[in-house]
Number of protein chains: 2
Amino acid sequence: MPDSLRRFKAEIFQALAHPTRIAILELLGAGEASAGDLVEKLGIEQANISQHLAVLRSKQLVVNRKAGNQVFYSVRDPILNDVLALMRRYFQNHLQEAYEMLGEMAQAPAESEK
Amino acid sequence: MPDSLRRFKAEIFQALAHPTRIAILELLGAGEASAGDLVEKLGIEQANISQHLAVLRSKQLVVNRKAGNQVFYSVRDPILNDVLALMRRYFQNHLQEAYEMLGEMAQAPAESEK
DNA sequence: ACAGTGTATTCGAAAATTCGAATATTCTAA
DNA sequence: TTAGAATATTCGAATTTTCGAATACACTGT
């Protein structure tokens, strides 16, 4: 496989390599959401969400649709959802280590739980 | 989903987010290989391969087995191969854009082709 | 035209990643 | 024990990523 193709793949993974962007994609997996929805559901700075959306857009992982004031985002290719689903299985298989790797966890309950 | 779990996922993706590490994992998908094999097949500095292997080890994506002088690596969980396979399908779907995104490509033939 | 709401961009500064060079470590064979 | 091969680690500089703050832009209603 050409190295240039691997560079492309690496860029996609790079786009996935941030907790906030994973959260965004998981939310979008359930269907379209506006930028504002994401800000509200994730409890993260508007500017920051917008920056992460810019990353996802630049790698074409999401598409957007403007409706008046708002911009609605969705996952472009359902394969991405499959990838995330596979990863969920992976994490179930290795939850143990996940916890160990993260070390804290026990007392760090994380802000935005559902 | 807890934020800490998303951080863990992001770390896995981060580990996948480098062309050399993708190349390593794709090679290992075909079966065990020694560090030296990887150096030779990828044509990359020994120290650098070793650094990338350290990243993959630290995220537990690979396991290693020492045999005398050498260290043999393999992918720990076959799900990873599935993820990479899914990604290959993704790239086929979007090859067009991949080429556009990479821009150069036409004249950048990449060093290590098969 | 103006104000207000929703979203995007720009600008630093701090943190993380990457690589080659140099050096260590570990094992084997003599 | 010494030499050599295979692999790993450390160091520092260059690059990239990340975030908040400030600002810009776009659309709507009045």
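Where a number appears in this text, it was derived from the coordinates with a stated rule and is not lab data. Quick caveat, the model's predicted, so the values are computed rather than measured. All Cβ positions, glycine included, derive from the backbone under ideal geometry; neighbour counts span all protein chains shown.
Things worth noting here:
- 7 Å along Cα→Cβ, label-point gaps from B:GLY68 to other copies, nm, shortest first: 7.5
- Per-residue Cβ neighbour rank within 10 angstrom, fewest leading, A:LYS59, A:LYS66: A:LYS66, A:LYS59
- Note on A:77-89: average number of Cβ atoms from other chains within 10 Å of each residue's Cβ is 4.
- With 22 Å as the limit on Cα-Cα distance, the pairs of A:LYS59/B:LYS59; B:LYS9/B:LYS66; A:LYS41/A:LYS66; A:LYS9/A:LYS59; A:LYS9/B:LYS66 that go past it are A:LYS59/B:LYS59; B:LYS9/B:LYS66; A:LYS9/B:LYS66.
- Extending 7 Å from Cα along the Cβ direction at B:GLU26 and again at B:LYS66 yields two label points whose distance is 3.2 nm.
- Total formal charge among the other residues, if their Cβ is under 14 angstrom from that of A:SER74, Lys/Arg +1 and Asp/Glu -1: 0
- 15 Å reach of a label modelled at B:ARG88, 7 Å along Cα-to-Cβ, counting backbone N of the stretch B:13-50: B:22-31
- Options A:GLN60, A:ILE44, A:GLN92, ranked by Cα towards positive dipole end of the stretch A:3-102, top entry (Cβ charges): A:GLN60
- Relative to the other identical copies, A:GLU32 shows label-point distances of 5.3 nm, where the label point lies 7 Å from Cα along the Cβ direction and values run shortest first.
- Annotation: the residues A:VAL83, A:VAL55, B:VAL71, sorted from fewest to most other C-beta atoms within 10 Å of their own C-beta, follow the order B:VAL71, A:VAL55, A:VAL83.
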